[in-house]
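Novice: Before I ask anything, let me first share the structure, which is written out below as structure tokens.
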Amino acid sequence: MRTAQLEQGYLAHPDSGVHPGVIVLHDVWGVSEHTRDLTRRLAAEGFSALALDLYRRKGAFEIRDPGAWMRGLSDPEALADIQEAIALVRAHPSARGRKLGVVGFCMGGMYALLAACACTGLSAAVPFYGILSHRHGILHAEGGLDPRKKPREPLEAARDLRCPLLAIFGDRDEFVPLADIRALELALARAAWPGEVLVYPGCGHAFLNDTRPQAYRPAEAREAWTRMLGFLREQLA
């Protein structure tokens, strides 16, 4: 396996050959060691994976309130970064000419869903426990959100899906209520591309994150990871 720290983020890919590409989108805390580990795990499974750093232009920063931080981020800027990352991976020797997907976690799951509905060049998307609503929860603001930064709720965007999607949640997610997940299922049923939603009983937010013992659910995490790999291999073949 080869790894490299690029200006855009952390790249991992097999030692030789040309492979399907995957953009990995981090959670609110940025490109952590957990994010890099997931990226290496994808490379070990035969993908050329780029953990895109959505914060790379921000310089030094400190996140004290994750909700306020996410509400202040510009979705159009994040999607522009993802579109640039798609072009970067597609041009890289490890993935040139192959199909490309996107995988994201929490905030990154939200952006994976939005990218699947707005970006070009994607053939698959897998959002893990992505935030879905502006109307309540961590993205809700009493005075409303800045429409320049948050022009479209993920649930609203879902009807414009541009590639096959596998969305993964736990049924005890404190940030993504079951009502939002059911609303996503309804929106995907009206989309032009197939969308599947998996809900794991007894799992809360970040159940795939093995660096958070209180959240991590090993058996369900292994099963969800396996389902993701199967989906990506099928769609990116």
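Novice: Please go through (1) surrounded by fewer than 17 Cβ atoms within 10 Å (Cβ to Cβ); (2) touching a strand residue (DSSP E or B) at 6+ places or on another chain (Cβ under 9 Å) for ALA224 and return the number of the only condition it doesn't satisfy.
Specialist: (1)
Novice: Kindly evaluate ASP81 against the criterion of being over 30 Å from PRO147 (Cβ atoms), surrounded by 13 or more Cβ atoms within 10 Å (Cβ to Cβ) and among the acidic types (Asp, Glu).
Specialist: The answer is no for ASP81.
Novice: Moving on to the next point. Return the total of residues in the range 10-31 being in a loop (DSSP other than H, G, I, E, B) and either crowded, with 19+ Cβ neighbours inside 10 Å or in contact with a helix residue (DSSP H, G or I) (Cβ under 9 Å, 6 or more places away or on another chain) (or both). So that I can check it myself, show each step before the final result.
Specialist: As a first pass, look at the range 10-31 and keep what is in a loop (DSSP other than H, G, I, E, B): 14-20, 26-31.
Checking which are either crowded, with 19+ Cβ neighbours inside 10 Å or in contact with a helix residue (DSSP H, G or I) (Cβ under 9 Å, 6 or more places away or on another chain) (or both) leaves us with 14, 19-20, 26-29, 31.
Summing the residues that are in a loop (DSSP other than H, G, I, E, B) and either crowded, with 19+ Cβ neighbours inside 10 Å or in contact with a helix residue (DSSP H, G or I) (Cβ under 9 Å, 6 or more places away or on another chain) (or both) in the range 10-31 gives 8.
Novice: Examine the range 55-71 for a residue that is without any contact (Cβ under 8 Å) to a residue 60 or more places away in the chain, crowded, with 21+ Cβ neighbours inside 10 Å and closer than 30 Å to ARG233 by Cβ, and state whether such a residue exists.
Specialist: Scanning the range 55-71, I find no residue that is without any contact (Cβ under 8 Å) to a residue 60 or more places away in the chain, crowded, with 21+ Cβ neighbours inside 10 Å and closer than 30 Å to ARG233 by Cβ, so the answer is no.
Novice: Shifting gears a bit: Would you check if there is a residue in the range 73-93 being farther than 26 Å from PRO14 by Cβ, in contact (Cβ under 8 Å) with a residue 24 or more places away in the chain and of a type in the set (Gly, Ala, Ser)?
Specialist: Yes, the range 73-93 contains a residue that is farther than 26 Å from PRO14 by Cβ, in contact (Cβ under 8 Å) with a residue 24 or more places away in the chain and of a type in the set (Gly, Ala, Ser).
Novice: Further, regarding this structure: Restricting the search to the range 172-186, which residues are exposed (fewer than 15 other Cβ atoms within 10 Å of the Cβ) and either touching a helix residue (DSSP H, G or I) at 6+ places or on another chain (Cβ under 6 Å) or within 13 Å of LEU139 (Cα to Cα) (or both)?
Specialist: Correct list: GLU174 only.
Novice: Could you tell me whether any residue of the range 97-114 is farther than 19 Å from LEU166 by Cα, surrounded by fewer than 23 Cβ atoms within 10 Å (Cβ to Cβ) and either among the polar types (S, T, N, Q) or within 16 Å of the chain's Cα centre (by Cα) (or both)?
Specialist: no
Novice: Sticking with this one: Please go through the range 32-70 and give me each residue that is charged (D, E, K, R), touching a strand residue (DSSP E or B) at 6+ places or on another chain (Cβ under 6 Å) and assigned to a helix (DSSP H, G or I), ordered by number.
Specialist: Passing the criteria: ARG36, ARG40.
Novice: With the requirement that a residue be touching a strand residue (DSSP E or B) at 6+ places or on another chain (Cβ under 8 Å) and closer than 15 Å to ASP53 by Cβ, what does the range 6-21 give you?
Specialist: Of everything in the range 6-21, those that are touching a strand residue (DSSP E or B) at 6+ places or on another chain (Cβ under 8 Å) and closer than 15 Å to ASP53 by Cβ turn out to be LEU6, GLN8, GLY9, TYR10, LEU11, ALA12.
Novice: Out of ARG135, ARG162, ARG148, which single residue is crowded, with 18+ Cβ neighbours inside 10 Å and among the charged types (D, E, K, R)?
Specialist: Testing whether each residue is crowded, with 18+ Cβ neighbours inside 10 Å and among the charged types (D, E, K, R) leaves just ARG162.
Novice: For the range 172-204, enumerate the residues that are more than 18 Å from PHE231 (Cβ to Cβ) and touching a Cys at 6+ places or on another chain (Cβ under 7 Å).
Specialist: ARG172
Novice: Yes or no: the range 46-67 includes at least one residue that is of a type outside the set (A, V, I, L, M), touching a Phe, Trp or Tyr at 6+ places or on another chain (Cβ under 9 Å) and over 25 Å from ALA215 (Cα atoms).
Specialist: For the range 46-67, residues of a type outside the set (A, V, I, L, M), touching a Phe, Trp or Tyr at 6+ places or on another chain (Cβ under 9 Å) and over 25 Å from ALA215 (Cα atoms): present.
Novice: Which of the residues spanning the range 37-52 are crowded, with 19+ Cβ neighbours inside 10 Å and either more than 13 Å from GLY104 (Cβ to Cβ) or among the small types (Gly, Ala, Ser) (or both)?
Specialist: Listed by number, the residues that qualify are ALA43, PHE47, SER48, ALA49, ALA51.
Laboratory data are not the source of any read-out in this text; all were calculated from the coordinates shown. If you're wondering where the values come from, they're calculated on a predicted model, not measured in any experiment. So basically every Cβ, Gly included, is an ideal-geometry build from the backbone, and we count neighbours across all protein chains shown.
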